[in-house]
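The values are calculated or read from the model by the stated rules, or taken from the named source; none is laboratory data. What you see is a predicted model; the values in this text were computed from it and never measured. Here Cβ is always computed from backbone atoms with ideal geometry, including for glycine, and neighbour counts include all displayed protein chains. Only protein heavy atoms, including side chains, enter the accessible area calculation; ligands, DNA and RNA are left aside. Shrake-Rupley method; radii C 1.70, N 1.55, O 1.52, S 1.80 Å.
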Amino acid sequence: MSSKQRIEVRVNGTRYVREVEARLTLADFLRHELSLGGTHVGCEHGICGACTVLINDQSARSCLTLAVQADDCDITTVENLRNPETGALHPIQQSFVDAHGLQCGFCTPGFMMTTLELLRENPDPSDEQIKEALGGNLCRCTGYQSIMDSVRLAAQRMKSSTLG
Amino acid sequence: MKPAPFDYHAPATLDEAVALLTRLEDEGCDMKIIAGGQSLMPMLALRVARPEALVDLRRLDTLNYIRDDAGTLAIGAMTSKQAAADSALVKRAQPLFHAATELVGHRQIRNRGSVGGSFAHADPASEYPAVALVLDTEFEAVGPDGARTIPADEFFVTYMTTSLETTEVLTAVRFAPFAPQRRWAIQEFARRNGDLALAGVALTLNVDGGLCRDVRIAAFGVEATAVRLTAAEQLLEGQPAQAAQFEQAGKAGAAQLDDPMSCIHASSAYRRHLIGVLTTRALGEAAARTH
Ligand SMILES: Cc1cc2nc3c(=O)[nH]c(=O)nc-3n(C[C@H](O)[C@H](O)[C@H](O)COP(=O)(O)OP(=O)(O)OC[C@H]3O[C@@H](n4cnc5c(N)ncnc54)[C@H](O)[C@@H]3O)c2cc1C
Ligand code: FES
Ligand code: FES
């Protein structure tokens, strides 16, 4: 039988129907089929978290998910953070900028998508809870302290704004 | 770092899945079940595994549940580990299994990884097999010859190998009621939070009138499967639940290990040392636990 599979996914609210090879990862599908390059691919075997996206609002490593397994799912990627009307950065993005939460930026999309899930569920996380949540994401250059600062700042800003 | 090509099937029902596995087996196809993919996908990416076909269980919603079955906790194989971690029922009914679940990987891994997948994968460093050995755990599987129940001590065979047939689907795990007075603890050492442990210990015991009874201790991360530390268990039976006895039990447990695994992260001797320390610590933690 053919290994091509027909899938229907909603990515950042847009519906896509595509024929994909069964072995294609969701990360490669997003990057190469949909040209959504914001989702980064570091290790391609589940260690670094750079490829984190939300699948049905739950954080997941898109390199450890086949595109076919995302059939009929809602995918949210880092491209969806920015306000589509005003173009303004999401408070999480702005906080990473302001608190120096990134240097080369390679790991940043993964950290931000992980932060999005955390702050949706827990708008006022303790330092311990932030560390626990970010434990699956690696950064090789910024240093985790300023990433912690960025998440704390994002939490403050999201609480005090109605934007969220 | 890309998986080699394979055929892909996503059967809609358990019957279809078993029929498909049976047909593929008859055709001599090297097939693999995929659940959450959190262990299998890295193996495919690294090409440590190169199956000709994958049978995906993602459409089997009937295997996604957490239920109280007359006191027994039943968890469908396709239930995510995060769902188990978030379940008040799991936390109340099986506190040790719940604590172990929170130690598995990171949130992203628990969101996708299934409860059944961790047992079926039988990674020697996983918390789950050790927990199964110190609780009264049974596994339910369905294959071409129908359903069967497998007790935990017959389920784990060796390194990443269970007694499941290749045509069988693990459908559920069942934990017999955990007596409220029973003590428990799980302790592990990992290089980073969320990593697979270098070594760990899960245990349960009763403390009656200050004496240890019915002690069950299992070590993980050290041998080809999780192992019961029978020497430590026997040493403690009927003995005072005190630090000195826990220290001795740790030594006995460590000494009992055959030949702990060795890798660049931890030598065999270091893993043996860890088991001694973690056993003593876990016993202390369990004894001090108030209900
Ligand atoms: C970064 C990282 C950290 C991790 N840390 C830990 C950890 O600390 N502790 C830990 O225990 N695990 C850890 N894991 C592994 C993770 O918990 C996996 O989710 C789990 O081992 C497998 O579950 P799965 O549903 O993803 O199974 P899959 O990866 O889909 O399958 C694993 C194996 O089980 C078989 N299988 C799966 N379901 C069934 C079924 N219903 N019937 C028959 N066979 C089946 C498959 O054929 C395959 O051989 C980690 C993984 C990663 C990537
Ligand atoms: S690229 Fe997916 S975890 Fe590293
Ligand atoms: S900013 Fe460079 S890896 Fe994190």
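For segment B:235-279, what is the Kirkwood hydrodynamic radius in Å, using each pair of distinct C-alpha atoms?
Computed over segment B:235-279, the radius equals 11.1 Å.
A simple rule links phi to the HN-Hα coupling: the Karplus curve 6.51 cos²θ - 1.76 cosθ + 1.60 with θ = phi - 60°, which for segment B:223-239 gives 10, 5, 9, 4, 10, 6, 8, 5, 4, 5, 4, 5, 4, 7, 3, x, 8 Hz, with x for Gly and Pro.
Taking 7 Å steps out from each Cα toward its Cβ at B:D259 and B:R148 produces label points 3.1 nm apart.
The B:V157 and A:E19 beta-carbon pair, evaluated with R₀ = 41 Å, returns a calculated FRET efficiency of approximately 0.55. Per residue, segment B:171-274 exposes 45 Å² of solvent-accessible protein surface, assessed with a 1.4 angstrom probe and all protein chains in place.
Which whole-number percent is the relative contact order of segment B:2-77 (Cα, under 8 Å, 6+ apart)?
Values: 103 pairs, mean separation 29.3, N = 76.
Relative contact order for segment B:2-77 comes out at 38 percent.
Between B:A224, B:Q256, B:S268, whose Cα lies farthest towards the positive end of the dipole of segment B:183-288 when Lys and Arg beta carbons carry +1 and Asp and Glu beta carbons carry -1, centred on the Cα centre? It is B:S268.
As an exercise, use a Förster radius of 45 Å and the Cβ-Cβ distance of A:R152 and B:C29 to find the FRET efficiency, rounded to the nearest 0.05. List each step's numbers first, then the result.
Values: r = 52 Å, r/R0 = 1.16.
The computed FRET efficiency comes out at 0.30.
Counting only other chain Cβ atoms within 10 Å of each residue's Cβ, the peptide B:109-115 averages 4. Once both labels are positioned 7 Å from their Cα atoms along Cα-to-Cβ, the gap between B:Q181 and B:N193 label points is 3.7 nm. Listed values for segment B:151-164 are Karplus-derived 3J(HN,Hα) couplings in whole Hz (6.51 cos²θ - 1.76 cosθ + 1.60, θ = phi - 60°), namely x, 4, 6, 10, 8, 8, 9, 7, 2, 6, 9, 10, 7, 5, and x replaces Gly and Pro.
Sorted from longest to shortest, the spans of the Cα atoms of chain B along the three principal axes equal 59, 46, 32 Å.
Phi angles of segment B:81-97 translate, via the Karplus equation with coefficients 6.51, -1.76, 1.60 and θ = phi - 60°, into HN-Hα couplings of 5, 5, 4, 5, 5, 7, 7, 5, 5, 4, 5, 6, 7, 9, x, 5, 4 Hz per residue; Gly and Pro are given as x.
The H on the amide N of B:L229, modeled in the peptide plane, is under 5 Å from the matching H of B:I217, B:A218, B:A219, each at least 5 residues off or on a different chain. Once backbone amide H atoms are built at 1.01 Å from N, A:C73 has A:R10 as its partners under 5 Å, excluding neighbours fewer than 5 places away on the same chain. Counting, for every residue in A:62-69, the Cβ atoms of other protein chains within 10 Å of its Cβ and taking the mean gives 6. The A-B contact accounts for roughly 2700 square angstrom of buried accessible surface, both chains included, probe 1.4 angstrom. Working ranking of peptides A:135-143, B:90-98 by packing, defined as the average number of other Cβ atoms within 10 Å per residue, highest first, is B:90-98, A:135-143. Computed across the protein assembly as shown, the Kirkwood hydrodynamic radius from all distinct Cα-Cα pairs reaches 23.3 Å. Whole-percent P(r), segment A:4-78, all Cα pairs, 5 Å bins from 0: 3, 19, 32, 29, 14, 3.
For a straight C-alpha distance cut-off of 14 angstrom, the aspartates and glutamates reachable from B:K91 (same-chain residues fewer than eight places away being disregarded) are B:D68, B:E102.
Counting only other chains, and only Cβ atoms inside 10 Å, what mean value do you get across the residues of A:133-142? Mind dumping the intermediate values first?
Values: counts 3, 3, 8, 10, 2, 1, 0, 0, 0, 0.
The mean count of partner-chain Cβ atoms within 10 Å per residue comes to 3.
Farthest towards the positive end of the charge dipole of the protein assembly as shown, among the residues A:Q58, B:N206, B:Y159, is the Cα of A:Q58, using unit charges on the Cβ of Lys, Arg, Asp and Glu. The Stokes-Einstein estimate for segment B:7-56, based on a Kirkwood radius over Cα pairs and taken at 4 °C with 1.567 mPa s viscosity, is a diffusion coefficient of 115 µm²/s.
What translational diffusion coefficient, to the nearest whole µm²/s, does segment B:54-179 have by Stokes-Einstein, given a Kirkwood radius computed over alpha-carbon pairs, a temperature of 4 °C and 1.567 mPa s viscosity? Don't skip to the end; give the middle numbers.
Numbers: Rh = 14.5 Å.
The calculation lands on 90 µm²/s.
Assuming R0 = 25 Å, what is the FRET efficiency of B:A269 and A:Q103, from their Cβ-Cβ distance, to the nearest 0.05? Please list the in-between numbers first.
Numbers: r = 40 Å, r/R0 = 1.59.
Rounded to the nearest 0.05, the efficiency is 0.05.
The lysines within cross-link reach of A:K159, meaning a Cα-to-Cα straight distance under 24 Å and a gap of 8 or more places when in the same chain, are A:K131. Every helix of 4 or more DSSP H residues in chain B counts as -39500 (n - 2.57), and over all residues that averages to -10500 deg cm²/dmol at 222 nm. Annotation: amide H-H contacts under 5 Å for A:T52 (H modelled 1.01 Å from N, sequence separation of 5 or more, or interchain): A:S62, A:G110.
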